[in-house]
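Please treat every number below as a calculation from the coordinates, not as lab data. What you see is a predicted model, and the numbers here were worked out from it, not measured in a lab. Heads up, the Cβs are rebuilt from the backbone with ideal geometry, glycines too, and the neighbour counts pull from every protein chain shown.
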Amino acid sequence: MINKLKGCGVAIITPFHKHGTVDFTSLGKVVEHIISNGVNYIVALGTTGETATLTEKEKVAVTDFIIETTDNRIPVVLGIGGNNTQKIIEQVKETNFEGISAILSVAPYYNKPQQKGLFYHFKSIEEVSPVPMIIYNVPGRTGVNITAETTLKLAREVEGIIGVKEASGNLMQIMQIIKDKPNDFLVISGDDALTMPAISAGADGVISVVANAFPKEFSDMVKFSLEGNIKKAKEIHYKLFDFSNAIFEDGSPAGIKAALEYLELCQNNLRLPLVKVNKQTITNIHNTIKEIIS
């Protein structure tokens, strides 16, 4: 499983119709778009999928649809996380894991637990999970940073925790984890723009937002980076660089949805409290897309 989750994963969006229901036709188009263009795996029900706004019934329907559409061609990782440890444990116990290769669990948000609390939070979830687990560090959203020390303690002491998605933006922290981690522990970039330098430092891949729109280009960049072909990787990195920045100007996934509408893969609809990006950002996104596909 560790080898299957190296490379380029995609945190897939959840498309919506104008009236707010899930657009499964467009979701199918996005799944096919990313699989046919070389992505290594899909992450369902992540932040990019606006999971916080989905009902429990919708979460099950979206997950089942992605598994069915993927049809075992690439692994599917399921996002299961929150700030109530016991509730997540119960959710894991109730989940049908057929077709799920691993779970991605975000650090508890809002509570601001101590590092000891983070350790036991993830350990408790792993103990009931029938599949391997990747922890997700994104302090810009959660308000708490999983330190390198805590990540390494989890890597060494909790067998089922096989990796970390690191979106702290702190390359020093990421390199500390890479330097001291066990050989069978994945370090996965959670920042598109930092993916190439992170892999150059020893990371194993990315869970990408950009790859919803440009899966071939981003997958190729990751592949070249992992192979040590920095010249080719750098060419693609800088080709996508302005787009990577533009789609996050007014928040994610608003930016990537604006891009996907331009590429005719889904409509640019979000659920409150998220709203569409402003007009200037849309212009920037469209201009960067034109540069990439010209």
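For the reader, a short list of remarks on this structure follows.
- Net charge of Cβ neighbours under 12 Å - reference Val62; Lys, Arg +1; Asp, Glu -1: -4
- Convex hull volume per residue for the chain, taking Cα atoms only, in Å³: 117 Å³
- Ascending count of other beta-carbon atoms within 10 Å, so fewest first, for Val275, Val158, Val210: Val275, Val158, Val210
- Residue exposure sequence - Ser200, Ser101 - by fewest surrounding Cβ within 10 Å: Ser200, Ser101
- Theoretical FRET efficiency, 1/(1+(r/R0)^6), r = Cβ-Cβ of Gln267 and Arg73, R0 22 Å, to 0.05: 0.30
- Translational diffusion coefficient (Stokes-Einstein; Kirkwood radius from C-alpha pairs) of the range 166-294 at 4 °C, 1.567 mPa s, in µm²/s: 84 µm²/s
- Modelled spin labels at Gln280 and Met172, positioned 7 Å past Cα toward Cβ, are 3.3 nm from each other.
- Taking other Cβ atoms within 10 Å as a rough exposure proxy, Tyr120, Tyr136, Tyr41 sort from fewest to most as Tyr120, Tyr41, Tyr136.
- Each label was represented as a point 7 Å from its Cα along the Cα-to-Cβ direction; for Phe65 and Asn84 these points are 2.6 nm apart.
- Contact order relative to length of the range 3-229, as percent, for alpha carbon pairs under 8 angstrom and 6 or more apart: 21 percent
- Counting DSSP beta bridges with both ends in the range 3-229, the antiparallel % (nearest 5): 5 percent
- Spin-label model, Lys290/Asn245: points 7 Å from Cα along the beta carbon direction are separated by 1.9 nm.
- Built amide H within the under 5 Å cut-off of Leu186, gap 5+: Gly163, Val164
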